[in-house]
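Inspection log for the structure reproduced underneath, given as structure tokens.
The values are calculated or read from the model by the stated rules, or taken from the named source; none is laboratory data. Values in this document were obtained by computation on a predicted structure and should not be read as measured data. A quick note on method: Cβ atoms are made from the backbone with ideal geometry, for glycine too, and the neighbour counts reach across all protein chains shown. Ligands, DNA and RNA are excluded from the accessible area calculation, which covers all protein heavy atoms including side chains. Shrake-Rupley method; radii C 1.70, N 1.55, O 1.52, S 1.80 Å.
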Amino acid sequence: MNIYNYTIKQLEEYFLNKNEKKFKATQVFEWLYQKRVTSFDEMTNIKKEVINYLKQDFKFEDLKLLTKQEDIDVCKFLFELKDGNKIEAVLMKHDYGNSLCVSSQVGCNMGCKFCESGRLKKVRNLETGEMVLQLLKVEKELNIRISHLVLMGIGEPFDNYDNVINFIDIINTPKGIALGSRHITVSTCGIIPKIKEFIKDGKQVNLAISLHASNDKLRNELMPISKVYKLDDLIKTIKEYIKETNRRVTFEYILLKGINDKKENALELAKLLKGMNCYVNLIPYNETSHIEFKKSDQKTILNFYDTLKKNNIGVTIRREFGKKVSAACGQLRANYKEEL
Ligand code: SAH
């Protein structure tokens, strides 16, 4: 088993089963995530006998870096997994720190019409350790520390719920990478039962919802998942989340030219979200060569922003990264495939 799959709790259980003190798990975590060793032999404060059975029970897996495309404010990584599948991670340099966007699945089954990732159906879920390794590899490769992490790469995180929650646990553990909960964001297209589970789990990380439309008719056309989980129910669930956690939610809204970017769309959106502790992140669409949708022009984006603002909805426009380096989710892998 890959050692990076294990949460500190799971390692504590492992050691308790071996009649060792659970503190050993903390030591292992410090070696893995603070000192960043890549073999058990380097864990010099752990006795030989323990190192020997650790070696038998665990492996140090790795990700193979296939390509890296760098721009001033962004660096995009294509990794190969042990079974040959490929995934992407994107590092964005903000003035407040380095933010990493990680993938949670190989492919995606959600089928959103505008999204490149969904052109390839889900092949499999990523293991927890394969998400952890995206972070470790990027930090090592660029010799930086990541301060923020978003689960917005390839895949639907809530369609790989348990592994994603364990991943969040590992990077959040104080004795490990110690990324603060407020610096971690998980984004979902709106899988209601999993949002409910997420409320119960009580993780203090940020939640973002990919909304992209303010009525069922349009949302059904753009996001097939919306036929299963209706907008009304989704909003009701998010209100429950806000009530239970007292946290502000982000709604992501891609502006697609002539489709969801009119004033009436903005007014309908404002009405839908009225009074909620939330804000809207408007995303200028990242055009891809395979999909017909176009990006709204700048003036339309600003008008949409103004309309929301005038109607008392908190709103930001997402900064665009790495246009030169095919930054939209799934683009790097899609292009790489075609080159082969
Ligand atoms: N499956 C998750 C996370 C993946 S994508 C989710 O749906 O939230 C992260 C965000 O990028 C989503 O809001 C997604 O809809 C959006 N996105 C997908 N393709 C895009 C593109 N070409 N340009 C801009 N945003 C895109």
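Going by the conditions given, is residue 138 more than 14 Å from the ligand (Cβ to nearest atom), touching a residue at least 40 places away in the same chain (Cβ under 8 Å) and either β-branched (Val, Ile, Thr) or assigned to a loop (DSSP other than H, G, I, E, B) (or both)? In short, yes. Within the range 25-48, the only residue that satisfies the criterion of being under 11 Å from residue 173 (Cβ atoms) and open to solvent by 60 Å² or more (accessible area, probe 1.4 Å) is 34. The set of residues from the range 108-133 being more than 10 Å from the ligand (Cβ to nearest atom), under 18 Å from residue 158 (Cβ atoms) and buried (at least 22 other Cβ atoms within 10 Å of the Cβ) comprises 126, 128, 130, 131. Please work out if residue 187 is within 16 Å of the ligand (Cβ to nearest atom), closer than 22 Å to residue 238 by Cβ, under 13 Å from the mean Cα position of the chain (by Cα) and hydroxyl-bearing (Ser, Thr, Tyr). For residue 187, the condition - within 16 Å of the ligand (Cβ to nearest atom), closer than 22 Å to residue 238 by Cβ, under 13 Å from the mean Cα position of the chain (by Cα) and hydroxyl-bearing (Ser, Thr, Tyr) - is met.
It is to be established whether one or more residues within the range 144-158 are in a helix (DSSP H, G or I) and surrounded by 16 or more Cβ atoms within 10 Å (Cβ to Cβ). Reasoning before the result, please.
Within the range 144-158, the first condition is being in a helix (DSSP H, G or I), and the residues that meet it are 157-158.
Narrowing further to those that are surrounded by 16 or more Cβ atoms within 10 Å (Cβ to Cβ): 157-158.
Checked against the condition, which is being in a helix (DSSP H, G or I) and surrounded by 16 or more Cβ atoms within 10 Å (Cβ to Cβ), the range 144-158 yields at least one hit.
Residue pairs whose Cβ atoms lie under 7 Å apart, sitting 6 or more positions apart in sequence or on different chains, and linking a residue in the range 210-221 that is open to solvent by 10 Å² or more (accessible area, probe 1.4 Å) to a partner that is assigned to a loop (DSSP other than H, G, I, E, B) and away from the ligand (no atom under 14 Å from the Cβ), are 216/230.
Scan the range 284-291 and tell me whether some residue there is at pLDDT 95 or above, loosely packed, with under 14 Cβ neighbours inside 10 Å and either under 24 Å from residue 73 (Cβ atoms) or more than 25 Å from the chain's Cα centre (by Cα) (or both). There is no residue in the range 284-291 that is at pLDDT 95 or above, loosely packed, with under 14 Cβ neighbours inside 10 Å and either under 24 Å from residue 73 (Cβ atoms) or more than 25 Å from the chain's Cα centre (by Cα) (or both). Within the range 134-143, being open to solvent by 40 Å² or more (accessible area, probe 1.4 Å) and not acidic (Asp, Glu) holds for 137, 140, 143.
Conditions tested, residue by residue: (1) under 21 Å from residue 118 (Cα atoms); (2) touching a Gly at 6+ places or on another chain (Cβ under 6 Å); (3) among the basic types (Lys, Arg).
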| position | (1), (2), (3) |
| --- | --- |
| 189 | yes, no, no |
| 192 | yes, no, no |
| 216 | yes, no, no |
| 224 | yes, yes, no |
| 229 | yes, yes, no |
| 242 | no, no, no |
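In this structure, residue 163 does satisfy being touching a residue at least 12 places away in the same chain (Cβ under 8 Å), within 16 Å of the ligand (Cβ to nearest atom) and either of a type in the set (Val, Ile, Thr) or open to solvent by 40 Å² or more (accessible area, probe 1.4 Å) (or both). Looking only at the range 281-303, count how many residues are within 15 Å of the ligand (Cβ to nearest atom) and free of Cβ contacts under 8 Å to residues at least 60 places away in the same chain. So the answer is 11.
Of all residues in the range 56-73, count the ones that are open to solvent by less than 90 Å² (accessible area, probe 1.4 Å) and of a type in the set (D, E, K, R).
Step one: of the range 56-73, the residues open to solvent by less than 90 Å² (accessible area, probe 1.4 Å) are 57-58, 60-61, 63, 65-69, 71, 73.
Adding the requirement that they be of a type in the set (D, E, K, R) leaves 57, 61, 68, 71, 73.
Total meeting the criteria: 5.
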